[in-house]
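Peer 1: After the structure tokens below, expect a handful of questions from me.
The values are calculated or read from the model by the stated rules, or taken from the named source; none is laboratory data. In this text, all values refer to a predicted model and were calculated from it rather than measured experimentally. Virtual Cβ from ideal backbone geometry, glycine too; neighbours counted across all protein chains shown.
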């Protein structure tokens, strides 16, 4: 088979896997009930597939030669995205099964309660069982929100992944990519894909005590989080600045800290929507306060509403139309449980400020 034939086959496979991934994402709407997030992911995959189809037509028409390296990378990304979405479905199936089991136990408990009127001892035992069941129900609700939030956490990496691939394609049209440029694009794409895979594991293992504690650089983890959102910020016209005054070596779960930072950074970007801010900007400072590391994230989007400020880290508290109210709640749990730290929010001149002490 000629090089052109192999290139066309690779592109056809890439397009097929992108549409397969989009179809699987749409099917997850019925299973998970998360409509907006999975619809956005499926739309992004369809757009990527259409873009590849247009590129294939250009090659077939002879208006473009295409790049074997870029298309192989696109096929790899398509395979990994399809496999990642395929891995999520068992988590939703397990959640649905747990809810069904919980409902069955609730029915059994109601039947059991009808027999308690005659005996005080059995009534006490039933109350204890009921309390335990309510605690489990609350835990399942939080886990359900966390799994649904995977879709929200994936939107940003998927967008950055698409921007990276498009940048490589457009650059290659002007001139052949150097080995250094190809390695840089491949490395960044693989980092995004690994983050998406790790996000699934982090959410699944969030309540598990058996997690490996690692030593890591705080500055490096902050840099990684900023790199993940840089493309989105640039597309929205938001200036993103950083000031790392002092690094610190931490012990804990680095990917969980990245999740906290990306959640706050995404909320900061969302805060500018619908507002006419002349020069939108988000500043990130990494420094030290006494014996603890300190991360300060500040924006100029006008601040947090007074009725939300006192409960912004509470579960299900949100001011967004389609918000889950679980992101900052999870951020607080991660900072407090995994890093024995604290997180706070306050309004400062012109905007909001989040302070994370570790």
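Peer 1: Answer yes if at least one residue in segment 303-316 is under 19 Å from residue 283 (Cβ atoms) and either modelled with pLDDT of 90 or more or assigned by TED's automatic domain parsing to the domain that holds residue 272 (or both), and no otherwise.
Peer 2: yes
Peer 1: For the structure I just gave you, tell me whether residue 345 is buried (at least 18 other Cβ atoms within 10 Å of the Cβ) and either under 21 Å from residue 243 (Cβ atoms) or at pLDDT below 85 (or both).
Peer 2: On the way: buried (at least 18 other Cβ atoms within 10 Å of the Cβ): yes; either under 21 Å from residue 243 (Cβ atoms) or at pLDDT below 85 (or both): yes.
Judged against the criteria, residue 345 is a match.
Peer 1: Give the residue, chosen from 24, 48, 81, 11, that is farther than 21 Å from residue 159 by Cβ and in the same structural domain as residue 176 (by TED's automatic domain parsing). Let's see the steps before the verdict.
Peer 2: Working: 24 fails: farther than 21 Å from residue 159 by Cβ; 48 fails: farther than 21 Å from residue 159 by Cβ; 81 fails: farther than 21 Å from residue 159 by Cβ.
So the residue among 24, 48, 81, 11 that is farther than 21 Å from residue 159 by Cβ and in the same structural domain as residue 176 (by TED's automatic domain parsing) is 11.
Peer 1: Hey, which of the strands (runs of 3 or more DSSP E) in segment 210-256, taking only ones fully inside, have at least 3 residues that are under 17 Å from residue 294 (Cβ atoms) and assigned by TED's automatic domain parsing to the domain that holds residue 286? Give the derivation first.
Peer 2: Details: elements: 214-217, 239-244, 249-252.
Here the list reads 239-244, 249-252.
Here is a yes/no grid of residues against (1) surrounded by 14 or more Cβ atoms within 10 Å (Cβ to Cβ); (2) modelled with pLDDT of 65 or more:
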residue	(1), (2)
73	yes, yes
85	yes, yes
126	yes, yes
134	no, no
141	yes, no
144	yes, no
155	yes, yes
170	no, yes
173	no, yes
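Peer 1: If you don't mind, there's one more thing I want to ask. Which of (1) touching a residue at least 60 places away in the same chain (Cβ under 8 Å); (2) assigned to a helix (DSSP H, G or I) does residue 265 not meet, given it meets every other one?
Peer 2: Single failed check for residue 265: (1).
Peer 1: Given 285, 226, 257, which one is under 19 Å from residue 353 (Cα atoms) and surrounded by 21 or more Cβ atoms within 10 Å (Cβ to Cβ)? Step through it out loud before you land on a result.
Peer 2: On the way: 285 fails: surrounded by 21 or more Cβ atoms within 10 Å (Cβ to Cβ); 226 fails: surrounded by 21 or more Cβ atoms within 10 Å (Cβ to Cβ).
Only one candidate passes the filter, namely 257.
Peer 1: Further question: Looking only at segment 327-342, count how many residues are assigned to a strand (DSSP E or B) and modelled with pLDDT under 90. Steps first, please.
Peer 2: Taking segment 327-342 as the starting set, the residues that turn out to be assigned to a strand (DSSP E or B) are 342.
Applying the additional criterion that residues be modelled with pLDDT under 90 yields none.
Of the residues in segment 327-342, 0 are assigned to a strand (DSSP E or B) and modelled with pLDDT under 90.
Peer 1: Ok, one more. Return a yes/no flag: does segment 308-322 have any residue that is surrounded by 20 or more Cβ atoms within 10 Å (Cβ to Cβ) and over 29 Å from residue 213 (Cβ atoms).
Peer 2: Checked segment 308-322: no residue is surrounded by 20 or more Cβ atoms within 10 Å (Cβ to Cβ) and over 29 Å from residue 213 (Cβ atoms).
Peer 1: Right, here's the next one. If residue 36 meets every condition in (1) farther than 14 Å from residue 20 by Cα; (2) at pLDDT below 75; (3) surrounded by 15 or more Cβ atoms within 10 Å (Cβ to Cβ); (4) within 25 Å of the chain's Cα centre (by Cα) apart from one, which number is that one?
Peer 2: All conditions pass for residue 36, except number (3).
Condition check ((1) under 28 Å from the mean Cα position of the chain (by Cα); (2) touching a residue at least 12 places away in the same chain (Cβ under 8 Å)) across all residues:
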residue: 52; (1), (2): yes, yes
residue: 61; (1), (2): no, no
residue: 64; (1), (2): no, yes
residue: 67; (1), (2): no, yes
residue: 70; (1), (2): yes, yes
residue: 79; (1), (2): yes, yes
residue: 96; (1), (2): yes, yes
residue: 101; (1), (2): no, no
residue: 108; (1), (2): no, no
